[in-house]
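Chemist: Just dropping this structure here.
The values are calculated or read from the model by the stated rules, or taken from the named source; none is laboratory data. If you're wondering where the values come from, they're calculated on a predicted model, not measured in any experiment. Backbone-built Cβ (ideal geometry, glycine too); neighbour counts: all protein chains shown.
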Amino acid sequence: MQRIALQDKTVSNFSQARRAAVGKAGEMLTRPVIVAWKDDTNGKSAPAIPGGKGDRWHDYGESNEGVLELEVGDAYHFIFTDADGFEEPDINLATLDDNGTTFMCLSDACTEEDRQKLGYFPGGGIGG
């Protein structure tokens, strides 16, 4: 997996970091998809793995076709795969919009706020 550190001094929160990561991933991958992420400022990560400790989010990203890891501002980490070869439709993908930046993530790698916007129901996929 390729790893890149983006030293963006203007990033001050998760949403800004995610937009920066999505932008960079869009330069490198045909159809970037967030597979996993970690926010060092609050200790949150996705996907949530019951009983998982440490870097389980990273292990998940690597073992689920992660091809690109972006670290933004030393505090935010994102693992992407490329959906270019995915079979359509993939019900495990969610398409999101964050202040005009459209991107995809695996449903398990969406934030709680993203799930609420989408009408995500644990164990039931996405709707709305």
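Chemist: Within region 1-79, which strands (runs of 3 or more DSSP E) (wholly inside it) include 1 or more residues that are closer than 14 Å to Thr101 by Cβ and touching a residue at least 12 places away in the same chain (Cβ under 8 Å)?
Modeler: 32-39, 68-72
Chemist: Let me ask something else. Quick check: is even one residue across region 104-125 at pLDDT below 80, of a type in the set (Val, Ile, Thr) and surrounded by fewer than 18 Cβ atoms within 10 Å (Cβ to Cβ)?
Modeler: Within region 104-125, not a single residue is at pLDDT below 80, of a type in the set (Val, Ile, Thr) and surrounded by fewer than 18 Cβ atoms within 10 Å (Cβ to Cβ).
Chemist: Only one of Gly51, Gly43, Gly85, Gly73 is more than 13 Å from the chain's Cα centre (by Cα) and buried (at least 18 other Cβ atoms within 10 Å of the Cβ); which? If you could, list the steps in order and put the result at the bottom.
Modeler: On the way: Gly51 fails: buried (at least 18 other Cβ atoms within 10 Å of the Cβ); Gly43 fails: buried (at least 18 other Cβ atoms within 10 Å of the Cβ); Gly85 fails: buried (at least 18 other Cβ atoms within 10 Å of the Cβ).
Exactly one of Gly51, Gly43, Gly85, Gly73 is more than 13 Å from the chain's Cα centre (by Cα) and buried (at least 18 other Cβ atoms within 10 Å of the Cβ), namely Gly73.
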